[in-house]
Structures are given as C-alpha cells and as structure tokens.
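K.L.:
This is the structure I have questions about; it appears just below.
The values are calculated or read from the model by the stated rules, or taken from the named source; none is laboratory data. Bear in mind the structure is a predicted one, so any value in this text is a computation, not a measurement. Here the Cβ positions follow ideal geometry from the backbone for every residue, glycine too, while neighbour counts run over all protein chains shown. The area values use the complete protein model at the heavy-atom level, side chains included, leaving out ligands, DNA and RNA. Shrake-Rupley method; radii C 1.70, N 1.55, O 1.52, S 1.80 Å.
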Amino acid sequence: MSINSAMLAGVSGLVANSSALAAISDNIANVNTVAYKRNQVNFANIVTAQSVKGKYSAGGVQGITRQFVSQQGLIQSSGSSTDLAISGDGFFVVTDKGAGVTPADARKFTRQGSFSVDADGYLVNDSRLYLQGWPVKADGTFDINPSDLSKMTAINVKNLGAAVAPTKNVGISANLDKGGVISAGEAAYDSTTAASMADYAADPTTGTKPDFTIEMNVVDSTGGSRKVTMAFLKSSANPNEWHAEIYAVPASDVSVAGRPGQLASGVVTFNQDGSIDLANTTLFGGAGNPPQLVLDASGTATQPRWDDGLGIAAQTIDLDLNKLTQYASTSTVNSITTDGAGPGNIVAINVDEDGIVSAVYDNSQIRTIAKVGIATFPNPDGLQQVSGNAYRPTLAAGNFVIKEAGAGGAGKISPSSLEASTVDLSSEFTGLIQTQKAYSASSKIITTADQMLEELINIKR
C-alpha cells in the first residue's frame, strides 16, 4: 500500500538523519582532537519496483558514511620536540604496547602525532599508542623494508647510557716567533737521549727546555681527559726550522720505546711567507707524512700505546696544523679546537624532517636512535576507523607501503608540530540545522501517513 510505503519512507528518513546527526556530533566533539578527520553521512535514495501502473510506492533514503581521511589538516607549531605532524600523505605506524611486540600483534596507523616519553622511555601519543620505527644499526644505517612491519620496533629513548666521544681531530692555531733567539741548550739537544724535551717535561733537572709549548687535552675511549704537549725548540741549522716533539703528560699515560712519554719527534719547517711546510716536516715519522698521532690500545704488543694500566682502546688523532705559522711576533696560542667529549647524559630528544630520532647529550654529543617510517595507502579513505583516532587496513584501502619520510610520495615530518582537526565548525553547525529540519520533516511524513490510515479505518464506521 502506498500509505504504508510513505510511512516506511519517513522512518528511513528518521534513521538516515539520526546517522547524520551522530556524525556531526562526533565532528563537533573532536574539533580539538589532534589530526581528527571529519566524517559525513551522505544520502542516497532507495527505489522500489512499481508493480501496479498508476501507483507509486515510496522507497525512502539510506545514509552512507564517508570518511575524509586523506584531507590534510593545518600544521600548527607546538612546544614539544617530540610532537610530530605529517605534511603530506601517510600515517605513523603504532601499536598498543611497547615491549614484546611480535609479528602477530596488530599494527595501527594514525596521524595523531602528540607523542611524549612515558615512564619506560617509549614514545607514545595521547591515545597510548606506541610509535614504531627502524632502530639504528651499529654502522649507523637502518634496515628498511617497505612491506615488513617486523623490522620496526617501538622507539625507546631511554636506557641508552652515557655518551662518550674520544678525540679524533685537533685543530691548532698558533704562532712561533721567527725573531726568537737560539737557546743555549739547543746545541746539546737530542730527541733520542736524555737531552730531549720529553725528558725535561718529566724532570726539569734533565733534558732540554723548549722555547714554546702547546698543550692539548684529548678524550680517551672511556671519557678520560689526557694531556698531550707539542714542544718547539728553534733550530740553528735553518731559520725556518724548529725541533719539535709531542709527548704525554704525565709520561706514564703511554708506553713508548723511546724517551719517556714521547709520541713523536722531528722537525717542523715553514715556508718563507710564514706558513707551515708540511711537505718537509718530519715530526710525524717522515717528510710529507700526514700530521696524526696513532696510539694502540692498552695491553697490545705495539708501541706507542696507551699504558696497560689504563685499559683503554686504540686512538688515532688527526692534527690540523694549517694555522700554525712562523711570523716575527711573540709566540702565542690563538686557539685549540677538539671534537672529543667526556661522559654526558640525555637532555633532549629531537626528530628531524627525515624522521631521524636522536638523543642530545649535555656534552654536545648527538646519538641516533631510530628512524620513523611513513605508511601510505592507495585509498586512505577506505581505512577502518578504530578508537584512539587510528585506523586499520582494509581491502578497500589497498596494500600499505612503508616509506622513508619525504620519499616515494610519503609526506615529510614536521617536528615540534601537530596537525589540527579538519572540522569546520561553521559547516557543522549549518549541517546541524539542516539535519534537524530534515528529521522534523521525516517525522511529519509519519504523522500525515498515520492520519490518512486513520481516515481509511474510519470509512467502515
């Protein structure tokens, strides 16, 4: 009967508009939820078969929910270095737990990047979802697989221990006085006997006193500070030549075959314009040899080496002497730069736009921890929404691919930023009014159909 179909059409209108109201309510309630994607209920008519000519049966309406997952929200700056936003396509890979994640555990995908460090050191967002990433390998690289989620683990920024960086490079900026007089002891100087400058450093009653010394502090493999001195004695053989030695202070820090603590000896020559002539400098074992100190590990059979009682690793120190000059000016040290650092503790966690998660230490060292991967889907609007502002894969969404940030169409990561909700309150309130009116109109259909049925029943009276 057409009146019955009209009533049922009104009921379908009530159901569809109720769904629309629910979607609008969700949108308004999540207007401040990080990276929330608005939902919308669209309407589609239902057509029934018209079996009797000249009569019409109403089909009604059905509500079809549409997700706008692929819509980009506004990227806003935040005050936390672990807040992350994705500028472009893709999702963070997350899990419900941090430790003990197995391949069988479900992975979720989210753009809610409000991550912070929990008590166990894991990066978790406000929905208690744990951020996954590729852990750094010993050689500093990452084992990246675009489809194997088992390669990713929950990112933990604690339990890293202190950071130590042994000295690898020393830069020296200094001047040796070209006009200095030849010392009286220069005639008896011999770097291979008790007349050496290394002997004088160990006992000032012996050896030859240098004209000028440059002291350098180097950091060993355990973070200890060791003093190394470069000593110079003006030569009478050549106006542009200086006897030079490098020795440890105290001498007991090293084990050497020559004089106590002596690591190197020879001459340092300068060009006529006052610049250093490394091609003819023999301080490092022969003319033209690279300026570096090589110390083997404690307990080895070779020399020079760190003293066996120290128990520290081998070390090679490159010396930059390009700013060592010989001018007619007072001998002086302008600056000494080193790249080593003693033990330091974590003071901050940084994430760059490539997704590299790093720990910053109070000794200025930076240690790479992991790399955040970005999951992309052919049809992100087809993902299944789950609690926690996250999604699960579906057939409609297609197969995911895990990519590096900014590569292969994946979005870049914006550190210290959050993605805003895509909800537009003005549109939602307008839709709220329209839905309310449509719901009232549908209820009127039922009321009118009821009155018509009542009239039909009353015909028998």
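K.L.:
Roughly how many percent of the accessible protein surface of the stretch 144-245 is carbon and sulfur, given a 1.4 Å probe and a whole-percent answer?
P.N.:
Values: 2220 of 4380 Å².
Within the stretch 144-245, the accessible surface is 51 percent carbon and sulfur.
K.L.:
Could you provide, to the nearest whole Å², the per residue accessible area of the chain with probe 1.4 Å? Please list the in-between numbers first.
P.N.:
Values: 22260 Å² over 461 residues.
Averaged over the residues of the chain, the accessible area is 48 Å².
K.L.:
How long are the three semi-axes of the equivalent ellipsoid of the stretch 207-342, in whole Å, if each is the root of 5 times an eigenvalue of the C-alpha gyration tensor, listed from largest down? Display every interim value, and only then the final one.
P.N.:
Details: eigenvalues 145, 49, 37 Å².
Equivalent ellipsoid semi-axes, largest first: 27, 16, 14 Å.
K.L.:
For residue 37, which aspartates and glutamates qualify as cross-link partners when the Cα separation must be under 15 Å and same-chain residues fewer than eight apart are set aside?
P.N.:
Within the straight-line cut-off, residue 37 pairs with 26, 89, 381, 419, 424, 428.
K.L.:
What is the angle, in °, between the Cα long axis of helix 425-458 and the longest principal axis of the Cα atoms in the chain? Nearest 10 is fine, range 0 to 90.
P.N.:
Rounded to the nearest ten degrees, it is 20.
K.L.:
Quick one: if you take sqrt(5λ) for each eigenvalue of the C-alpha gyration tensor of the chain, what semi-axes come out, biggest first, whole angstrom? Before the final figure, lay out the partial values.
P.N.:
On the way: eigenvalues 1343, 79, 53 Å².
After scaling each eigenvalue by five and taking roots: 82, 20, 16 Å.
K.L.:
Moving on. Could you please state how large a percent of the accessible area of the stretch 274-371 is carbon and sulfur, counting protein chains only and using a 1.4 Å probe? Working shown, then result.
P.N.:
Values: 2210 of 4750 Å².
The computed percentage sits at 47.
K.L.:
Could you tell me how far the Cα centroid of the stretch 71-115 sits from the Cα centroid of the stretch 4-37, in Å?
P.N.:
Using only Cα atoms to place each centre, the spacing works out to 28 Å.
K.L.:
Using the 2.2 N^0.38 Å rule of thumb for compact globular proteins, work out how the stretch 181-230 stacks up: its C-alpha Rg over that value, please. List each step's numbers first, then the result.
P.N.:
Values: Rg = 13.4 Å, N = 50, 2.2 N^0.38 = 9.7 Å.
Relative to the 2.2 N^0.38 Å estimate, the stretch 181-230 comes out at 1.38.
K.L.:
By the scheme Lys and Arg +1, Asp and Glu -1, what is the net charge of all other residues having a beta-carbon under 15 Å from that of residue 398?
P.N.:
Combined, the nearby Lys, Arg, Asp and Glu give 0.
K.L.:
Between Rg and the Kirkwood Rh of the stretch 20-126, both from Cα atoms, what is the Rg to Rh ratio?
P.N.:
Details: Rg = 21.5 Å, Rh = 17.8 Å.
In the stretch 20-126, Rg relative to Rh is 1.21.
K.L.:
On the accessible surface of the stretch 5-65, probed at 1.4 Å, how many percent belong to carbon and sulfur atoms? Walk me through the intermediate numbers first.
P.N.:
Values: 1990 of 3380 Å².
Here it works out to 59 percent.
K.L.:
Rounded to the nearest 500, what is the 222 nm mean residue ellipticity of the chain from helices alone, with -39500 (n - 2.57) per DSSP H run of 4+ residues and division by all residues? It would help to have the intermediate numbers written out before the result.
P.N.:
Numbers: 3 runs with 68 residues, N = 461.
About -5000 deg cm²/dmol.
K.L.:
Also, quick follow-up: Could you sort out which of 53/460; 151/412; 158/323; 55/460; 97/137 sit more than 30 Å apart by Cα distance in this structure?
P.N.:
Details: 53/460 27 Å; 151/412 21 Å; 158/323 41 Å; 55/460 23 Å; 97/137 23 Å.
Going by Cα-Cα distance, 158/323 fall outside the 30 Å limit.
K.L.:
Stick to the Cα atoms of the stretch 159-242, pair each with every other, and give me the Kirkwood hydrodynamic radius in Å at one decimal.
P.N.:
Numbers: mean 1/r = 0.0662 Å⁻¹.
When all Cα pairs of the stretch 159-242 are included, the Kirkwood radius is 15.1 Å.
K.L.:
Rg/Rh for the stretch 37-81 to two decimals, with Rh computed the Kirkwood way over all alpha-carbon pairs.
P.N.:
Working: Rg = 21.3 Å, Rh = 14.8 Å.
For the stretch 37-81, the value is 1.44.
K.L.:
Let me spell out the model: positive unit charges on the Cβ of Lys and Arg, negative unit charges on the Cβ of Asp and Glu, origin at the Cα centre of the stretch 37-188. What dipole size does that give, in debye rounded to 20?
P.N.:
Values: 15 positive and 12 negative charges, 231 e Å.
Dipole size: approximately 1120 debye.
K.L.:
Regarding the stretch 352-461, what are the three Cα extents along the principal axes, ordered largest first, in Å?
P.N.:
The Cα atoms of the stretch 352-461 stretch 97, 32, 22 Å along their principal axes.
K.L.:
A follow-up question, please. Which aspartates and glutamates, if any, have their Cα less than 19 Å from the Cα of residue 178, not counting same-chain residues under 8 positions apart?
P.N.:
Reachable aspartates and glutamates: 186, 211, 241, 245, 273, 277.
K.L.:
Per q in 0.19, 0.23, 0.24, 0.28 Å⁻¹, report the Debye log10 I(q)/I(0) for the stretch 410-461, using one uniform scatterer on each alpha carbon and no solvent.
P.N.:
After summing over all Cα pairs, the log10 values are -0.79, -0.89, -0.92, -1.01.
K.L.:
Considering every pair of different Cα atoms, what Kirkwood radius, in Å, is found for the stretch 382-436? List each step's numbers first, then the result.
P.N.:
Details: mean 1/r = 0.0675 Å⁻¹.
For the stretch 382-436, inverting the mean 1/r across all distinct Cα pairs yields 14.8 Å.
K.L.:
Assigning unit charges at the beta carbon (Lys, Arg +1; Asp, Glu -1) and nothing else, what dipole magnitude in debye, to the nearest 20, does the stretch 134-215 show about its Cα centre? Intermediate results must be reported in sequence, preceding the final value.
P.N.:
On the way: 6 positive and 10 negative charges, 107 e Å.
My answer is approximately 520 debye.
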